[in-house]
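First comes the structure, then the notes that go with it.
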Amino acid sequence: MTSLSFYGGVGKIGGNKILLEDKGTRILLDFGMNFEEQASYFTEFMPPRKFSSIKDLIALGMLPDLKGIYRRDYCKHNGLNYSERNSVDGVLISHAHLDHLGYVHFLRRDIPVHVSPESKAIMSLFDTVGGGAYNDFCKFNPSFIFIPKKRSDGVKRRTARDGLEERVVNDFSFNKPFKIGNLEVTPYRVDHSLPGAAGFVINTSIGNVIYTGDLRFHGRHKDWSDYFVEKAAESEPVCMLSEGTRIKDSSARTEGYVEKQSTKLIKDKKGVVIANFPIRDTDRLLTFYKTAVSNNRSLVIESRQALLLDLLRLEGVTELPASDDEFIKIFFPRKGWGLIGRTGVPEEQVARDYKSWEKEYLNQSNVVTAGDISKNQGKYVVFMNYFQLNNLLDIQPVPGSVHIRSICEPFSEEMELDEKRINNWLRKFNLYPQNKIHASGHASGNHLFKMVESINPKLLIPIHTEFPELYKEVHKKVKLVNEGKKYQL
Ligand SMILES: [Zn+2]
Ligand SMILES: [Zn+2]
């Protein structure tokens with residue numbers, strides 16, 4: 001018997017959690033967080049309660065009610081009788097966006113997580129710098145445990161300082177099949193807005209099942225997605241789980257378009273260029289790097305991005321600039337006491353404003369401060385997202401400065417509010433209006449339809465889309481599935 005059960009990512013964008021069962025082997029395809037769902041109950045000021053998180057999220061329908069998958073420290077503390085033997089053979093992660101990875105935090109650490117080397121680098125970035133709502137992706141911090149005090153009687157709460165454990169994370173090689181239980185999985189590279197994204201051909205006892213993950217055909221590496229489609233078609237699949245984020249959208253602006261337009265826009269500009277793009281989208285980072293270099297400027301990135309470039313380099317990624325490249329600068333904003341850039345302050349006092357991983361970069365010769373940028377505005381393209389706009393108070397952009405918005409449009413009320421705030425900052429500092437130059441991480445409707453026609457699966461199950469029924473226009477056997485239900489293949 002081969003079956004699929006859906007616990008997220010059905011009829012909505014993101015939060016994929018799919019259980020594939022085949023003759024005694026059980027694997028999860030992604031274990032992500034749906035942002036809209038999360039935001040419909042929680043806010044920054046009322047986050048999930050850590051002491052009861054698994055129980056609460058199951059009660060709210062955000063985590064599946066499955067035994068034998070959740071971490072034992074939480075189960076025990078949450079009073080959940082779920083801690084018997086591990087009940088799945090592995091988790092297959094398509095890529096390291098949080099809507100595919102975010103809830104891995106809640107899984108037992110002995111469930112092997114299979115990821116690409118690049119995804120592993122991003123998981124370890126999350127563990128080091130935070131940024132995901134939940135971490136413990138590679139390292140694992142056992143929680144809610146009392147341990148004896150060292151120097152006196154009594155107990156204390158165990159913390160990360162008492163030692164971290166390791167999650168079982170296996171990195172796969174692209175194009176090379178590997179086994180999880182009875183299943184043979186072949187991962188292929190696909191082009192998406194984050195390094196290391198994969199699509200899978202999964203060989204089951206009844207034939208091949210395709211899982212596309214998220215993908216596009218208009219990025220820097222259309223060839224990767226094309227090759228995946230070719231291999232998926234060759235496998236003559238019995239079933240295909242296909243993303244359909246932009247199924248209604250026909251525009252397919254390319255990464256090349258972003259590079260060309262932004263290069264043209266900043267030519268001859270005298271002031272600073274502020275660019276906002278997804279922080280872990282290294283393809284976009286490369287685009288703005290090229291834009292900067294061809295205009296004789298340097299690209300200024302955050303220390304988090306410098307660390308990401310270094311981690312990816314360790315995993316063998318060579319097409320990206322190194323963190324100490326001559327056209328890369330690392331921005332250290334003023335934080336804490338705000339001592340950076342002040343003269344006469346002891347170095348160790350300046351360093352105290354930053355976290356230990358940040359300090360590693362503080363002495364690198366390409367570090368710049370807001371003062372440095374302010375003095376030489378025509379020399380820089382500065383990455384700056386919404387949360388860093390207060391640095392404009394120190395940079396003081398001169399007339400002739402520009403802002404490039406290279407992220408998606410707001411799609412919720414909350415984002416609209418943020419948008420107003422962003423525009424207030426930009427108006428104040430010679431940066432209004434925003435210049436919108438963006439290319440999506442997801443394939444257009446036309447490309448998705450072409451993909452489905454080429455692969456021609458016996459059965460198509462649309463996921464990661466609000467309009468699954470639209471696939472019926474191009475495929476004769478489309479199954480619309482419901483969350484929480486099990487489907488025999
Ligand atoms: Zn996604
Ligand atoms: Zn994605």
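Restricting the first member to the stretch 11-36 and to residues that are in the same structural domain as H95 (by TED's automatic domain parsing) and part of a loop (DSSP other than H, G, I, E, B), and the second to residues that are more than 13 Å from ligand 2 (Cβ to nearest atom) and among the polar types (S, T, N, Q), the beta-carbon pairs closer than 6 Å and six or more apart or on different chains are K23/N182; K23/S205.
Is there a residue being of a type outside the set (A, V, I, L, M, F, W, C), assigned by TED's automatic domain parsing to the domain that holds R284 and touching a helix residue (DSSP H, G or I) at 6+ places or on another chain (Cβ under 7 Å) anywhere in the stretch 344-357? Looking through the stretch 344-357, at least one residue is of a type outside the set (A, V, I, L, M, F, W, C), assigned by TED's automatic domain parsing to the domain that holds R284 and touching a helix residue (DSSP H, G or I) at 6+ places or on another chain (Cβ under 7 Å).
The set of residues in the stretch 89-109 being away from ligand 1 (no atom under 15 Å from the Cβ) and either closer than 19 Å to M33 by Cβ or at pLDDT below 95 (or both) consists of V91, H105, F106, L107, R108, R109. Taking (1) part of a helix (DSSP H, G or I); (2) exposed (fewer than 14 other Cβ atoms within 10 Å of the Cβ) in turn, F411 satisfies each apart from (1). Residues in the stretch 1-10 that are within 25 Å of Y471 (Cα to Cα) and assigned to a loop (DSSP other than H, G, I, E, B) were compared, and the one that is farthest from ligand 2 (Cβ to nearest atom) is Y7. Of all residues in the stretch 230-245, those that are assigned by TED's automatic domain parsing to the domain that holds K472 have Cβ atoms under 6 Å from Cβ atoms of residues that are among the basic types (K, R), 6 or more apart or on another chain, in V238/K458.
Restricting to the stretch 179-223, what's the tally of residues that are within 18 Å of P112 (Cβ to Cβ) and β-branched (V, I, T)? Of the residues in the stretch 179-223, 4 are within 18 Å of P112 (Cβ to Cβ) and β-branched (V, I, T). Evaluating Y103 against the criteria (1) part of a loop (DSSP other than H, G, I, E, B); (2) within 16 Å of ligand 2 (Cβ to nearest atom) leaves one unmet condition, (1). Evaluate the stretch 270-279: report whether one residue or more is charged (D, E, K, R), part of a loop (DSSP other than H, G, I, E, B), surrounded by fewer than 21 Cβ atoms within 10 Å (Cβ to Cβ) and in contact (Cβ under 8 Å) with a residue 12 or more places away in the chain. Yes; the residues of the stretch 270-279 include at least one that is charged (D, E, K, R), part of a loop (DSSP other than H, G, I, E, B), surrounded by fewer than 21 Cβ atoms within 10 Å (Cβ to Cβ) and in contact (Cβ under 8 Å) with a residue 12 or more places away in the chain.
From the list T263, T318, T287, the lone residue that is modelled with pLDDT under 95, under 17 Å from R220 (Cβ atoms) and not charged (D, E, K, R) is T318. Scanning the stretch 3-20 for residues that are β-branched (V, I, T) and within 10 Å of ligand 1 (Cβ to nearest atom) returns a single hit, I13. Of all residues in the stretch 28-43, at least one satisfies being closer than 30 Å to F178 by Cβ, within 14 Å of ligand 1 (Cβ to nearest atom) and out of contact with any strand residue (DSSP E or B) (no Cβ under 8 Å at 6 or more places or on another chain).
Name the single residue, out of those in the stretch 165-207 being among the polar types (S, T, N, Q) and closer than 29 Å to D281 by Cα, that is surrounded by the fewest Cβ atoms within 10 Å (Cβ to Cβ). Out of the qualifying residues, it is S173. Counting only helices (runs of 4 or more DSSP H) wholly contained in the stretch 293-386, the ones carrying 1 or more residues that are within 30 Å of T263 (Cα to Cα) occupy 303-314, 356-362, 370-375.
Comparison of E236, E230 shows that the only residue that is in a helix (DSSP H, G or I), away from ligand 1 (no atom under 16 Å from the Cβ) and either at pLDDT 95 or above or surrounded by fewer than 18 Cβ atoms within 10 Å (Cβ to Cβ) (or both) is E230. With respect to (1) more than 22 Å from R246 (Cβ to Cβ); (2) surrounded by 16 or more Cβ atoms within 10 Å (Cβ to Cβ), the lone exception for F35 is condition (1). Given the structure, is H438 under 30 Å from I58 (Cβ atoms), within 16 Å of ligand 2 (Cβ to nearest atom), in contact with a helix residue (DSSP H, G or I) (Cβ under 9 Å, 6 or more places away or on another chain) and touching a residue at least 60 places away in the same chain (Cβ under 8 Å)? Considered against the rule, which asks whether it is under 30 Å from I58 (Cβ atoms), within 16 Å of ligand 2 (Cβ to nearest atom), in contact with a helix residue (DSSP H, G or I) (Cβ under 9 Å, 6 or more places away or on another chain) and touching a residue at least 60 places away in the same chain (Cβ under 8 Å), H438 comes out as no. Being among the basic types (K, R) and not assigned by TED's automatic domain parsing to the domain that holds E184, is that true of even one residue in the stretch 300-321? Scanning the stretch 300-321, I find at least one residue that is among the basic types (K, R) and not assigned by TED's automatic domain parsing to the domain that holds E184, so the answer is yes.
Once the stretch 11-31 is narrowed to residues that are within 16 Å of ligand 2 (Cβ to nearest atom) and of a type in the set (G, A, S), the residue that is farthest from Y134 (Cα to Cα) is G14.
The values are calculated or read from the model by the stated rules, or taken from the named source; none is laboratory data. Just so it is clear, the model here is predicted, and its values are computed rather than measured. Reconstructed Cβ throughout: ideal geometry from the backbone, glycine too, with neighbour counts over all protein chains shown.
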